[in-house]
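Student: Sharing a structure, written as structure tokens. Questions coming.
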Amino acid sequence: MSDQELHRLHRVWRLGADIDTDALAPGHAMKHGIDRIAQHCLEAIRPEFAREVQAGDVIVAGPNFGIGSSREQAAAVLVQLGVAAVIAPSYSGLFFRNAFNVGLLLLTCAEAESLHDGERIALDIGTPALRGADGRTLACEPVPGFLTEMVEAGGLLPLLRRRMAAKKEADAV
């Protein structure tokens, strides 16, 4: 990670534990496209979230983030809204996989709940760690390289497209 990326500060949106997929992508909005579903993201918990979140902001939550149904839209709305990462002590297994498939970075951090709403933090994905504006560092669990590659590509499908194009180009030589 470059020094510029390390020093970019991301605003924290602090949520509690057990945030379920219905809060992220409410059932009543599921008949619409992802842009419309995103307008309802977290409306039952933080009504202002979808309206005020800015590209590069991060969500910090308690344990069991993404519990509930397996709807991929729950992670996709966060990408649609520009959320740079979700940071929590633990995730639902289905949400974890869906998030990386759509290019959403998840950082597992035991001390995530020590971060405060509105706080500015830097993400060091290489270490991985979080650095607060006050200088403190919170360690995160390592993210496997293949998942980091998936996030950098924008998700599983863009990664596969890139690999297929590279293979096609190599085969043509």
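Student: Give me the residue from region 148-161 that is open to solvent by 30 Å² or more (accessible area, probe 1.4 Å) and not β-branched (Val, Ile, Thr) and, out of that set, farthest from Leu107 (Cα to Cα).
Tutor: Arg161
Student: OK, next. Starting from residues that are in contact (Cβ under 8 Å) with a residue 24 or more places away in the chain and more than 15 Å from Val12 (Cα to Cα), keep the ones in region 128-147 and report whichever is surrounded by the most Cβ atoms within 10 Å (Cβ to Cβ).
Tutor: My answer is Cys140.
Here is a yes/no grid of residues against (1) open to solvent by less than 20 Å² (accessible area, probe 1.4 Å); (2) over 28 Å from Asp124 (Cβ atoms); (3) modelled with pLDDT of 95 or more:
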| residue | (1), (2), (3) |
| --- | --- |
| Arg11 | no, no, yes |
| Asp18 | no, no, yes |
| Leu42 | yes, no, yes |
| Glu48 | no, yes, yes |
| Val60 | yes, no, yes |
| Ile67 | no, no, yes |
| Asn101 | no, no, yes |
| Leu104 | yes, no, yes |
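Student: If we keep just the residues of region 20-34 that are more than 21 Å from Val58 (Cβ to Cβ) and part of a helix (DSSP H, G or I), which is most open to solvent (accessible area, probe 1.4 Å)?
Tutor: Per the stated criteria, the residue is His28.
Student: Another question, then. Within the group Ile34, Ile19, which residue is touching a strand residue (DSSP E or B) at 6+ places or on another chain (Cβ under 7 Å) and either among the hydroxyl-bearing types (Ser, Thr, Tyr) or closer than 18 Å to Ala99 by Cβ (or both)?
Tutor: One residue alone meets the criteria, Ile19.
Student: All but one of (1) among the acidic types (Asp, Glu); (2) at pLDDT below 95; (3) not in a helix (DSSP H, G or I) hold for Glu113; state the number of the condition that does not hold.
Tutor: Evaluating Glu113 over (1) among the acidic types (Asp, Glu); (2) at pLDDT below 95; (3) not in a helix (DSSP H, G or I) leaves (3) as the failure.
Student: Let me ask something else about it. Starting from region 153-173, take each residue that is assigned to a helix (DSSP H, G or I) and list its partners that are open to solvent by less than 90 Å² (accessible area, probe 1.4 Å) and of a type outside the set (A, V, I, L, M, F, W, C), counting only C-beta distances under 6 angstrom and pairs at least six apart or across chains.
Tutor: Leu156/Asn101
The values are calculated or read from the model by the stated rules, or taken from the named source; none is laboratory data. Predicted model only: the values in this text are computed from it and were never measured. Note: ideal-geometry Cβ built from the backbone for every residue, glycine included; neighbour counts use all protein chains shown. Side chains are part of the model used for accessible areas, which takes the heavy atoms of the whole protein and leaves out ligands, DNA and RNA. Shrake-Rupley method; radii C 1.70, N 1.55, O 1.52, S 1.80 Å.
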